[in-house]
Amino acid sequence: MHLPLKHKLATVLLVLSTANAVSNTALAATNEQFFPLANYRVGAYASSGIPVWAGMIDYLRYINEVEGGINGVKLVWQECETEWTAEKGIECYERFKNGLNGAPVAVYQPNGAPAAYALADKAAADKIPLITLGYGRTEATDGSVFPYNFPVMLTFYSEASAVINYIAQREGGLDRLKGKKIATVYHDSAYGRETQSPLALLAEKYGFENIQIPVADPGNEQSAQWRQVRQLKPDWVFLRTWGVSTPVAIKTAARFGFPVERIIGDIWASSDEDVLPTGEAGKGYLALTPYPGGSEFEIHKRIKQHILDQGKSDLKDPKSFGSVYYNSGLVNAAIAVEAIRAGQQKFGHRPLNGEEGRWGLEHLNIDEARLKAIGFYGLMQPLKLSCSDHEGGGAAKVQQWDGSRWTLITDWVQADRETLRPLIEAKSNAYAKEKGITPRSCASED
Amino acid sequence: MTFFLETLIGGLLAGTMYSLVALGFVLIYKASGVFNFAQGAMLLFAALTFVSLQEQGLPFALALILTVVVMALGAILIERTVLRPLVNRSQITLFMATLGLSFVIEGLAQGLMGAQVRALDLGIEDVPLFWGDVMVSQFDLVAAATAALVVTVLALLFNRTRIGVSLRAVADDTRAALSIGINLNRIWQIVWAVAGILGLVAGLLWGARQGVQFSLSLVVLKALPVLIIGGFTSIGGAIVGGLIVGAAENLAEVYIGPYIGGGITPWFAYVLAIVFLYIRPAGLFGEPAIERV
């Protein structure tokens, strides 16, 4: 092959410029942390998802633009649509797990129970920690069996315990629960059934009658269920629904004359989107949440000043600023950022990989002083994780819907995690036995 | 006994809500022999259009009229762009076209009007009423009255108007209808427009109960067993099918559910439909297909 001199020169220049571009990309990537966003902006759950991603993106943008990244490490993110399905959730994970242009993944949020269950083993094999706030396997609290799963802050078991403790507060003490009837109207799915074991245990301990009434997906007709509620006359209803089944439950309860102020929604039945369609029927509805609604927290002031007012927010509808789901996005993003920050204390101020991200999560300690420093005091509970405890917190606040906004009516209501721990360990040990996993010793890790 | 009666009546009334959704399918199936997969998307689009217009400050009546106009224009557009190019193609081709259409309409609805949940207040109180000891829902009574009104209007349209006769002729034999000068394109436009308006009526009632959101398009899942039981070609069948499904699933949930774990309403309707398929494949009021072989 004989090329004219001009062509040779052009080829050399092209190669050199490409190499330069590659090295520039690599240099840029070396100081960037990839934050994958597996989202659901379309489909049946889009109305819930859109404010969540806005909260996450606004916080990440705030960290980059106001704080200059995490100790100088800038965050980059990319979205992938899952439609809240397992198969697309796996596809997104596979696309993201190796990072973006050299920027590694330190933590991964599957954002959906189906994907969280499907990815549990895969992520462990890839050594990428999954953060599942308010969903996922409760037994993954036991980090000795589930080193890469983090059902942080409030598992479904803790949620069940917190709601019983709140009812006890209202009734005048735990001893007053004896003889009471507490019905759980639940979405008939893995998520909905998750609280059956802890509620059975607590019913035995405190002597209340534990009634379980399932609602099949999607739950847009619930006459039969609420007719049973009317017949059984429970003192309280714990509503564990999701999506459209929540407003339908609240409206059907009103139709059957059940007082709405005796219904307590769970974490996935506690958003503005759940109650907006209920009109008058929803006034007085109670809900448990680890990330209450409201835009008067310190972080909101900061984000409003630096992101919203500058026209840089991902939020298309400003009315959603401070909504429960927007705030859940903020809290989810803050946990990931703080975990990376914790990891950087050991590994240096540089982007972290999955194993380092896991170390950061297991050494995460967001105390009250830290919450105040990052502007999340009141919006988020203190959170301390370890090898043996991948949940941390275990508390929720109770909020009440007044027809236009949520009002907080309690401080943090703590779950009785000690009572629940044997149940969790029994399940995690059974899982370890089934999968042939030898639990690691947390004594040396903590 | 009171509890049984209450469950039965409640189920029958709930069934009329399913019938309202099923009627849109029947209309299009009668005119073209096609199961319109896009009916749920049309229902969502109609309800979203209505609430979006109301959000702009339009009064109820004006928003309703404008939505009817939008649905009629949509029907003309669908006929021109989707159905007309597929005339004389097989029914499965038309079915697949409606499948694609459903994605387009759903995407358009959410893209143009947003994916957030909207409240819809029709001014009908959803509170309990008591007939003696038996409790019934005021909202369900309004829904049942609406279904009765819709069926009456459709019956008059089919039996007492020239359009109705043309429509029946197209349904019986499309080629014969064409040969005597019936304008098939016009008939399809009218039928799709009426199906869109039926979607609006069903969308408003379901939307008032659960909020206007994407999951409205899923209420059509309830219509399929109704159609199998009542027959795809009978308006009366859609009503009877709805009543059967509503009553059966409510009774089953209360009396069978506790023994098998509960939450059985969605699949019980389909089990019932399978039983009917064994006994009467064309449904209770459907026209059995007879072909010379």
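The values are calculated or read from the model by the stated rules, or taken from the named source; none is laboratory data. The structure displayed is predicted, hence computed values, not measured ones. Cβ: placed from backbone, ideal geometry, glycine included. Neighbour counts: every protein chain shown. For the accessible areas, the whole protein counts, side chains as well, though only heavy atoms, and no ligand, DNA or RNA atoms are used. Shrake-Rupley method; radii C 1.70, N 1.55, O 1.52, S 1.80 Å.
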- Query: Past the 20 Å Cα-Cα mark, which pairs from A:LYS304/A:LYS372; A:LYS74/A:LYS127; A:LYS205/A:LYS433; A:LYS346/A:LYS384; A:LYS178/A:LYS233?
  - Reply: A:LYS74/A:LYS127; A:LYS205/A:LYS433
- Note on the structure: In chain A, helical segments from DSSP H whose Cα atoms cover 20 Å or more along their own axis and that average at least -1.0 on the Kyte-Doolittle scale are A:5-30, A:46-67, A:156-171, A:324-347
- Message: Taking 30 Å as R0, compute the FRET efficiency from the Cβ-Cβ separation of A:ASN353 and A:ASP317 and round it to 0.05.
- Response: 0.25
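Taking the Cα centre of the stretch A:157-289 as origin, work out the dipole magnitude from +1 charges on Lys and Arg Cβ and -1 charges on Asp and Glu Cβ, in debye rounded to 20.
It comes to approximately 560 debye.
With a 1.4 Å probe and every protein chain left in place, work out the accessible area per residue of chain A in Å², rounded to a whole number.
On the way: 16690 Å² over 446 residues.
On a per-residue basis, chain A sits at 37 Å².
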- Query: R0 = 35 Å: FRET efficiency of B:ALA289 with B:LEU66, Cβ-based, nearest 0.05?
  - Reply: 0.30
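Give the calculated FRET efficiency between B:ALA145 and B:TYR259 to the nearest 0.05, with a Förster radius of 41 Å applied to their Cβ-Cβ distance.
On the way: r = 36 Å, r/R0 = 0.87.
Calculated transfer efficiency: 0.70.
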- Could you state the number of Å between the C-alpha centres of the stretch A:110-184 and the stretch A:341-367? 23
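How much of the accessible area of chain A, in percent, comes from carbon and sulfur atoms when a 1.4 Å probe is used? Mind showing how you got there, number by number?
Values: 8720 of 16690 Å².
Of the solvent-accessible surface of chain A, carbon and sulfur hold 52 percent.
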- Here, B:TRP131 and B:GLN91, labelled 7 Å along Cα→Cβ, have an inter-label distance in nm of 3.8
- Item | Helical contribution to [θ] at 222 nm, DSSP H n ≥ 4, -39,500 (n - 2.57), averaged over chain B, rounded to 500 | -23500 deg cm²/dmol
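Averaged over B:266-278, how many beta carbons belonging to a partner chain fall within 10 Å of each residue's beta carbon? Display every interim value, and only then the final one.
Values: counts 8, 1, 1, 0, 0, 0, 0, 0, 0, 0, 0, 0, 0.
Mean inter-chain Cβ contacts per residue within 10 Å come to 1.
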- Task: Pull out the extension gain between A:LEU232 and A:GLN78, defined as 0.36 nm times the separation in residues minus the alpha carbon to alpha carbon distance; nm, one decimal.
- Result: 50.5 nm
- Note on the structure: With a 1.4 angstrom probe the carbon and sulfur portion of accessible area for chain B, in percent, totals 67
- Message: Need the C-alpha centroid separation for the stretch B:218-238 versus the stretch A:321-340, integer Å.
- Response: 45
- Message: Along the Cα→Cβ direction, 7 angstrom out, place labels at A:ALA430 and A:LEU408. What is the inter-label distance in nm?
- Response: 3.7
- Query: Hey, rough spin-label estimate for B:ARG162 and A:ASN365, points 7 angstrom out along Cα→Cβ, what's it come to in nanometres?
  - Reply: 8.8
